[in-house]
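Some notes on the structure that comes next.
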Amino acid sequence: MLELTTKLAFGEPGEVQGQLCLPFELRQKRWVVAALASGEEVSLKLPRGTSLRGGDRLLAADGRVIEVIAAPERVAHIECATPTELARVAYHLGNRHAPVQVDNGFLRILADHVLEEMLSGLGAKLIIIEAPFEPEAGAYSGAHSHREDSHGGAPRIHEFGGREHSRE
C-alpha cells in the first residue's frame, strides 16, 4: 500500500501524479486508509496537527506527488437579505463551534437539521447542495494562505496578532 507521509509547502515544485478525493472530516485526520482516483489504495500517515485542504499536495513514499481534492458533500448554502443578518447567522454558528465556510455573500455548513432549523428561525435562506466544503481554519490554526489563483474565491485563512495586523 502506498504511504503518503509529507504535506508539501505551497508552491513547492512537483508534477501531480495522482488525486486523493476526501470529505472534510477525513481531511482533518492524520491517519486514513483511502483510495486514489485511480483506485490505488493509500495510507495517509501525517504528522500530528496536520489537516488538509483541497489543492494541497502530498509526497508519497515512492516520490509521487498526490493532489488532495475536497470531495463534494451535502452542505447547507446560507444566504441572508442583508450583510447584518448574515453576520448574525455567522455569530450563532460560531457560538456553537460549527465549522463554517465563509465566502462573498454566503456561508456554508455541513448539512445538519438542528442548525438548519435554527438558521431558518433567524430568517436565513438555506439550500441543501452537493459541493466541496472548505471551512475557515480558525484563528488559532497557525495557517496563512492566499491562494485565490487556484481556489477561485476560497476562504482566506489569517493569522491574527501577527506583524501584518500590528499597529507598529
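Inter-label distance, residue 103 to residue 34: 2.0 nm, where each label sits 7 Å from its Cα along the C-beta direction.
Here the Kirkwood formula puts the hydrodynamic radius of the stretch 80-143 at 12.3 Å, using every distinct Cα pair. Rounded to the nearest 0.05, what FRET efficiency do residue 117 and residue 84 give with R0 = 22 Å and r taken as the Cβ-Cβ distance? Could you check? Rounded to the nearest 0.05, the efficiency is 0.55. The accessible-area ordering, largest first, of the residues 74, 27, 53, 48 stands as 48, 74, 53, 27, per a 1.4 angstrom probe.
Quantify, in whole percent, the carbon and sulfur part of the accessible surface of the stretch 34-93 (1.4 Å probe; protein heavy atoms only). Please report the intermediate quantities before stating the final value.
Details: 1460 of 2780 Å².
Carbon-and-sulfur percentage of accessible area, whole number: 52.
Remark: the residue 96-residue 12 segment gains 26.6 nm on full extension, using 0.36 nm per residue and subtracting the alpha carbon distance. Taking all protein chains as they are arranged and a probe of 1.4 Å, the heavy atoms of residue 7 leave approximately 90 Å² accessible to solvent.
The values are calculated or read from the model by the stated rules, or taken from the named source; none is laboratory data. Model, not experiment: these values are computed from the prediction. Every residue, glycine among them, receives a Cβ derived from its backbone with ideal geometry; neighbour counts consider all protein chains shown. In case anyone asks, the SASA skips ligands and DNA or RNA and just uses the protein heavy atoms, side chains included. Shrake-Rupley method; radii C 1.70, N 1.55, O 1.52, S 1.80 Å.
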